[in-house]
Structures are given as structure tokens and as C-alpha cells.
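Colleague: Have a look at this one.
No value in this document is a laboratory result; all are computed from the given coordinates. From a predicted model like this one, the values you see are computed outputs, not experimental measurements. Please note: Cβ atoms are built from the backbone with ideal geometry, for glycine as well, and neighbour counts cover all protein chains shown.
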Amino acid sequence: MPANVQFNQVQIHDRMHAAIESIIGSQQYKVWFRNSSRIEYADGVVKVGVPNLFISGYIEDHFVDAVHQAAQHVFGQPMQVAFSIDPVLFRNLRKSQLNSQADFIGKQSERALKDDGGNGTTYQPQSRTLRGRLDDFVVGSNNRLAYSIARNLVEGTMLDTSPVFFYSSCGLGKTHLLQGIANALSKSKPDVRWKYASGEEFTNEFLYALRERKLDAFRHRYRDVDVLLLDDMQFIANKKATQEEFFHTFEAISGASKQIVLASDSHPKLIGDLTDSLVSRIVAGMVVRIERPDQETRVEILRQRVAKTSHQVPDAVLEYIASRINANVRELEGCLLKLLAYGSLTKSPITTDLARQALDEHLTQTDKILTVSDIEQSVATYFGITPADLHTSKKSRTIALARNVAMFLARKHTSLSFPEIARLMGNKNHTTVLLACRRIKNYLEENADVTWQTGAGPQTRSLHAIIECQEEHLRVGGKDAALSADASESTENAVAAPTEPVPKVPSVA
């Protein structure tokens, strides 16, 4: 903490919240910060804990400058800010969020039931506005196959009606493609009945229909269509009743030779808690991965984005931005918009020097520090448990496996020591972390599969695939190679000590 500042964590939290409220106003503060964030200072960083990824993303997109301004006011100097998922906030807010969400969905569902007469006898086209357009989709080597399939779906040139499954990391165009298909069908084939929804919307509507005994109307909306487009399918994976309902919806649409298009952030075989019966039907169709765009594609994305504005940006500037931002399209476009705003504010021409100045500030302010909380949230979501389960003394097959994976990833992708990880993960003994890393490393070397129990039954996956899936989701890369090597060396040289049992995993040839 700066030498001139002597606050405890409670005072830091209160002062940061008061400063943020004065900057963004009471209304925005109540919605996004008052009960949805916990702010503390640690290791030279102002850490903003939030209950879920949605709130984290929204705050970072809309209020990151306000948080930095508040931190500078409280600490008297510019501070680095990091965002992470706080398990305590996640648990505290979940009930109230679900209640308010259920009320909202209830009102929406009642309106939908009125639109279709309440008995599912007529079809009403969706009235929601979808932003994605296929004509705006920038095609490159990373997504050419996915785009071609989307076009074929719209033009009716597919060889059959096999299900289509797009998957990629966040911000690479899955939602754009699905919405583009829906908009293209509305424009070129108005008689085609389609339904677009997210996994969360499907779940909420199903639960409301179940509670209100209106399943017939719900099934009519989702099954009596020519094309069903379901985004963020991973949301239904650990919800047994919802997944069973979707399975029957899938069967009904496929049985009628209609089209299903799905999107998720992982390959269907790597979505935790997804039943084998559903996975087998999905992989029987076309499973298409969208890769990260290359330099040329990123430049073209920026060029098209600039064309929609009144600004003139030299190609050299676009190439510089594209060379510095390669995570996803959203961040790429966000950086461009910030540069244009910066140029307008300073009344300066857009040059490479200006871009370098604005972009360096952008990367400094938005660079995320990977924390144990991030890893716990990701691993817990995959295995269908809560982050709090990882801190308990429970030794069930699922929790023990998830705990070992989380400890391994924490050691590999953070600079924390074994004792520090042990303390953050429920005040465990440091040898627990040490042996967890050793076990996972040995299983990876043996290319072993692991089995755990879920609400949908036992699941078996390659441990290599699980680790790769988690690392891709956490967006960790080559910068962690040194940490990985250090973790492996420390594990090899450490002295073993008794600790909790881990599920015995068979080796595979």
C-alpha cells in the first residue's frame, strides 16, 4: 500500500465505493456496485471482486475508467486494478438474482403465451432484434468453414439436416453467426420458422412453463420450428431436468428433418455434465471450431469497423492495433473505438504514435491478473460444483478431482507458492497442493482419462483435454511457461507427505 495511505480493508472498500458512487451517480452505483462488488487492496493491486462473469464484463466495459479514477482518489496515485469472481458474492447474490430473473422471465413468458394464444396453436415470428448480420461477418482462414456452413444453411444447399455445432473462445463470432443466420432467414425466406435463444433463456422459459403447467406452449415454441438456434449451450450442461427437456426437443426437431444450430465455448465432449446421449447426437453432425483471427483478418475487421464511422484511420495504425490485440474481436473493436474517442477528445490526427499512446494505456488498465478465484470459478463450473466445495474437507470423487485440477492450474499459472495456494484454498496444508500438482502431472504424462460423478451420471474425459479446456477458458498462454516449468521442478524436488486421497485414475495406452 502507498506509504501515505494507512487504511484497513473495510475502509478501503467503503472509500472506494463512495468514490465510485460520486463519479458514476447513485443509480448506476446501486445497480452495478452496491451489492455486487467487494473491493480490497493486496499485493500492490486494487482487486474488485464480483459475483459473476457478466457483471465483471459489464463493469470492465463501462466503468473501468471510473474505478481507476476512484482508486487514484483514494490512494493518491494511479493504481493497477484487477477483476475476479468472488465466491462469497456469488452465493449471496444468487438467490435474489434468480428471484428477480424468474419474475422477469415470467412476465416475458406470459407475453409469449398470449402471442401464441396460450395453447401453442399458432406460430409467431420472433420480435426481438438481433444485431448480427452475415454480410458484416469478416471471413478469414480462422472462420471460413463456419461461415460457409452458415451461408449454406440460409441458402438451403446443405446436404442434409444434420445438427451444426459452432464452438470457440469468447468474442470470436459464434453469436454473430447464429444471429446472422436468423436475420438472413427472415430476409430471404420469411416463411421459414426459426427460434433463436440462449441456453439461459431456454432454461428460464422451461422452468417457468414447468411451474405454471404450460409445457405444451413452451414445447410448441421450441419444437414447431424449421430452424432452432441455441447459443451458449454450455449453460444447460449441469441442469438435469433442463438438459432432458432439451434432449427431447433435439430429438423432435431432428426426427422431423428440421435444422438445429448450436454454439458453445467448448467442444461438446469437453462440456462438463453434458450427457453422453446428447453428446453422441451432436458429434454425429458437424462440429466446427472457430479459431482466433490472424493478423490479416484482424486488420480487415478494424477496416470494416472504421468504414462505419466518419473517421479516417491509416492502414499502418490498423496494423499496429491488430498486432497488439489478438485475444478476441470484441476487445479489438473496443480498442479501436477508444482510439477514435481519444483522437476526437484531443483533436489530434489518428497516427501510430497516438495509437501507441492510447493502446498502451488500454492494455495497462484492462490487463487481467489471473487469480486463484478465477481458476476456482472456472474449474467448479466445469465439474458442476461450487467454488466453496473446493475449500471444504469433502473428499468425494468429483470434489477431490476438481480440487486437484484447480491446485495444479493455480501453481502452473500464478506466481503463488505452495503454502500461499494452500491458504487461499481453504487453509489446507501446503503438501496437499504439492501432491495434487504431482498427481495431475503424472496423470498427464500417462495420458490418463478421469471419471467423476455428475447429476447426469458418471462422466469420463481425457485429463489432457480438461486441462486444455480450462487453460483456453482462462486465456493463459506462453507467458506462463516459466511458471509451469518452475512448478514442475518444485513438485519433483519436494518431499511427499500424507494428504487427502484422489480418485484412482486408470492409465490409457
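Colleague: Given a Förster distance of 30 angstrom, what is the FRET efficiency for K308 paired with R34, based on the Cβ-Cβ distance and rounded to 0.05?
Modeller: Step by step, r from the Cβ atoms, then E = 0.25.
Colleague: For a 19 Å ceiling on Cα separation, which of these pairs sit above it: K47/K174; K174/K308; K240/K394; K395/K428; K239/K428?
Modeller: Too far apart for the 19 Å limit: K47/K174; K174/K308; K240/K394; K239/K428.
Colleague: List the aspartates and glutamates whose Cα sits under 17 Å from the Cα of K187, skipping any in the same chain fewer than 8 residues away.
Modeller: D135, D136, E155, D226
Colleague: Would you mind calculating the gained length between L159 and H73 on full extension (0.36 nm times residue separation, minus the Cα-Cα distance), in nm to one decimal?
Modeller: 24.8 nm
Colleague: What's the FRET efficiency of E468 with N8 using the Cβ-Cβ distance as r and R₀ = 30 Å, to the nearest 0.05?
Modeller: With R0 = 30 Å, the Cβ-Cβ based efficiency is 0.15.
Colleague: How far apart, in nm, are the 7 Å Cα→Cβ label points at N447 and S417?
Modeller: 3.8
Colleague: Right, something else. Under a point spin-label approximation (7 Å from Cα along Cα-to-Cβ), what is the A388-N52 distance to one decimal in nm?
Modeller: Each label point is offset 7 Å from its Cα along the Cβ direction, giving 1.7 nm.
Colleague: Oh, and also: What nm distance separates the two modelled labels at A252 and R356, each placed 7 Å from Cα along Cα→Cβ?
Modeller: 6.1
Colleague: Let me ask another. Under the definition of Cα pairs under 8 Å and six or more residues apart, what whole-number percent is the relative contact order of the stretch 386-455?
Modeller: 33
Colleague: Hey, how many Å between the Cα centroid of the stretch 271-295 and the Cα centroid of the stretch 47-65?
Modeller: 29
Colleague: Could you calculate the contour length gain from E212 to Q27, that is, 0.36 nm times the residue separation minus the distance between their Cα atoms, to one decimal place in nm?
Modeller: 63.2 nm
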